[in-house]
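Note sheet for the following structure.
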Amino acid sequence: MLTIAEIKSLAVESIESRRNEIIEISKHILENPETGFTEQKTSKFVKEKFEALGIPFQDKLAITGVKGFIEGGAGTGPSVAVIGELDSLRVVDHPYHDDVTGAAHACGHHCQIGSMIGTMIGILVPGVLENLSGRVIPMAVPAEEFIEVERRKRLRDEGKIEFMGGKQEFIKLGVFDDVDMAMICHTATDEGKFSLGLGGTSTANVLKLVEFYGRGAHAGAAPHKGINALNAAMIALSGINANRETFRDQDTVRVNGILTSGGDAVNVIPGNVTLEYRVRSGYLDALANNSKKVDRSFKAGALAVGARVSITNIAGYLPMRNNKDLQQLFGNNAEQVVGKQNVLVRPDNYNDGGSTDMGDLAHIMPLIHPFCGGATGTPHGNDYVIDDYDKAVIEPAKSMAMTIIDLLTEKSQKAIAIKETDDTPMTKDQYLKLQRERNEVIEFDGSDD
């Protein structure tokens, strides 16, 4: 009978023996970036890796998602998901951008797929799987980066998706119904300060597709006959900026956006202008309050020039919550992998302002969202690259594999205890109800007609 320490050693040795192969998985995805709900090449690549490992799977989940199934050899027990995110950002001047689409992995999701598959390589080794009670579920999930809102709205209008975030849509589709807990490891710029980290939270957010409708006219001969939708948008942005002094520091408020259409020709008064905007806050009540201020500003812009505005509010993500017991297990294993001095533990209320749909999943099941070093540059910037794949891929794979062994050995006692004691805020149905209620369309007519 192997001890838990011996089982972990087998998993770690298997991952280490295939280190170069695992890193090449991440590098291949880096060189083939695709944005959310378009990740066909990446999905196909993941399926090929699952097939090579003998992992049965379901595919085409939320268009491109893949879900594998690995049965433990020691009987039934809870199911533990290891998640990797398929999608990239769009950063057209990133060194690894796609020349056609501008897609680029400027957030490290390519490393998540590598560490997820690396974890499975550790779990599947003889001597490990036969000692696990329960099921391990590797998942490749689309569309974590909440971008290209107009395109995703078209997918929603066509009935191809309901929610615009990948895990949101997985929850709705029931893909997580047989999952009891989950984990993922995300890259971060470590600046030599840590190898693996845990703790902290994230912001909730709401996405806004904003469409101003004015009236086009000849910009030289008849500007007085036009209603300038671009001016309406500029006044609205000034209104938003005027409200920034009311945003409380403790609420971790972020308001930002882009102008996706600002007119058709320089000699025509812009009749239609479109923006994509995002409001983030650390708490749902603060988010609702700040979102209203932003909507009010958009209405003010329309009113000022006599335009109309349509504001489509789209339910974004919920704040992250880490299960403390699961986090402790991961932390203990991370210390064994990289040394205690190289593990950073953040307080529960630490919030850097980012958002993730792991926060949505955390509201219906226990999970952890640790982070790993290995990246340099500014997240989402053109200089964000991985310079240490051991930190970004191999060390997370080892730590997650060891954590799964803790959870599912000894008749999965630890996993059962976490499942039974986690103070999950919502049921799946309650979550879906909340998110559907957050979706709304506001129409405002500022004209004199």
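Read-outs: derived from the displayed coordinates by stated rules, not from any lab. All values derive from a computational prediction rather than experimental measurement. Methodologically, a virtual Cβ is constructed for each residue, glycine included, from the backbone with ideal geometry; neighbour enumeration extends over all protein chains shown.
Computed 3J(HN,Hα) for the range 227-233, one whole-Hz value per residue from the Karplus formula 6.51 cos²θ - 1.76 cosθ + 1.60 where θ = phi - 60°, is 10, 7, 5, 5, 4, 4, 5, glycine and proline marked x.
Backbone amide hydrogens, once placed in the peptide plane, bring Ala81 within less than 5 Å of Ile137, Asp180, Met181, Ala182, Met183, excluding anything fewer than 5 places away on its chain. At R0 = 45 Å, how high is the FRET efficiency between Asp325 and Asp264 if r is their beta carbon distance? Nearest 0.05 is fine. Calculated transfer efficiency: 0.20. For the pair Arg436 and Asn241, the difference between a 0.36 nm per residue extended length and the Cα-Cα distance amounts to 67.3 nm. On full extension, the segment bounded by Gln336 and Asp177 gains 54.0 nm, given 0.36 nm per residue less the C-alpha separation. In this structure the amide hydrogen of Ala217, modeled in the peptide plane, comes within under 5 Å of the amide hydrogens of Ile269, none closer than 5 places in sequence on its chain. Exceedance of the 24 Å cut-off in Cα-Cα distance is limited, within the set Lys60/Lys167; Lys27/Lys153; Lys193/Lys398; Lys27/Lys67; Lys167/Lys324; Lys49/Lys167, to Lys27/Lys153. Once the cut-off is 18 Å, how many percent of the Cα-Cα pairs in the range 141-229 end up in the long-distance tail? The calculated P(r) of the range 141-229 puts 67 percent of pairs beyond 18 Å. Note on Lys225 and Glu162: their simple-model spin labels are 4.8 nm apart, each label 7 Å out from Cα toward Cβ.
Whole-Hz Karplus values for the range 403-413 come out as 5, 4, 4, 4, 5, 10, 7, 6, 6, 6, 4 Hz, taken residue by residue from phi with 6.51 cos²θ - 1.76 cosθ + 1.60 and θ = phi - 60°; glycine and proline positions read x.
From the helices alone, meaning DSSP H stretches of at least four residues, give me the mean residue ellipticity at 222 nm for the chain, per-run term -39500 (n - 2.57), in deg cm²/dmol to the nearest 500.
Computed ellipticity for the chain at 222 nm equals -11500 deg cm²/dmol.
For Lys433, the aspartates and glutamates whose Cα comes closer than 14 Å to its Cα, not counting residues fewer than 8 places off in the same chain, are Glu162, Glu169, Asp360.
Please give the FRET efficiency for Thr427 paired with Asp99, using the beta carbon to beta carbon distance and R0 = 56 Å, rounded to the nearest 0.05.
With R0 = 56 Å, the Cβ-Cβ based efficiency is 0.80.
Relative contact order of the range 204-316: what whole-number percent is it, with Cα pairs under 8 angstrom and at least 6 residues apart?
Details: 254 pairs, mean separation 51.4, N = 113.
Relative contact order here is 45 percent.
Out of every Cα-Cα pair in the chain, what percent are more than 40 Å apart? Pairs farther apart than 40 Å: 22 percent. If you fit an axis through the alpha-carbon atoms of helix 428-438 and take the longest principal axis of the Cα set of the chain, what angle between them do you get, 0 to 90°, nearest 10? The angle comes out at about 20 degrees.
Considering only DSSP beta bridges where both residues belong to the chain, give the percentage that are antiparallel (nearest 5). Before the final figure, lay out each step's value.
Values: 46 of 65 bridges.
So the antiparallel bridges in the chain amount to around 70 percent.
Taking the Cβ-Cβ separation of Asn20 and Asp445 as r and a Förster radius of 56 Å, what is the calculated FRET efficiency to the nearest 0.05? Show your work: numbers first, answer last.
Numbers: r = 62 Å, r/R0 = 1.11.
Once rounded, the FRET efficiency stands at 0.35.
Report the full-extension gain for the segment Asn256 to Lys27: residue separation times 0.36 nm, less the Cα-Cα distance, to one decimal in nm. Please list the in-between numbers first.
Values: separation 229, 0.36 × 229 = 82.44 nm, distance 3.11 nm.
Once the chain is fully extended between Asn256 and Lys27, it gains 79.3 nm.
Take the Cα of Glu150, step 7 Å toward its Cβ, do the same at His380, and the gap between the two points is 1.9 nm.
Along the range 274-280 the Karplus relation, 6.51 cos²θ - 1.76 cosθ + 1.60 evaluated at θ = phi - 60°, assigns HN-Hα couplings of 10, 10, 10, 10, 9, 10, 10 Hz to successive residues, with x for each Gly and Pro. Along the chain, the exposed loop sites are GluC sites (Glu not before Pro) outside DSSP states H, G, I, E and B with at most 12 other Cβ atoms within 10 Å, and the longest stretch free of them is 192-449.
Does the range 204-316 come out rounded, prolate or oblate by the C-alpha gyration tensor, with a ≥ b ≥ c the root eigenvalues, rounded set by a/c under 1.5 and, if not, prolate when a/b is larger than b/c and oblate if not? Walk me through the numbers before you get to the answer.
Details: a/c = 2.94, a/b = 2.40, b/c = 1.22.
Prolate, since a/c reaches 1.5 and a/b exceeds b/c.
Amide hydrogen proximity for Thr35: with H placed 1.01 Å from N in the peptide plane, the residues at 5 or more positions away or on another chain lying under 5 Å are Ser88.
Could you tell me the relative contact order of the range 5-140? Use alpha-carbon pairs under 8 Å, at least six residues apart, and round to a whole percent. Once divided by the residue count of the range 5-140, the mean separation gives 35 percent. The lysines whose alpha-carbon is closer than 18 Å to the alpha-carbon of Lys299, local same-chain residues fewer than 8 away aside, are Lys208.
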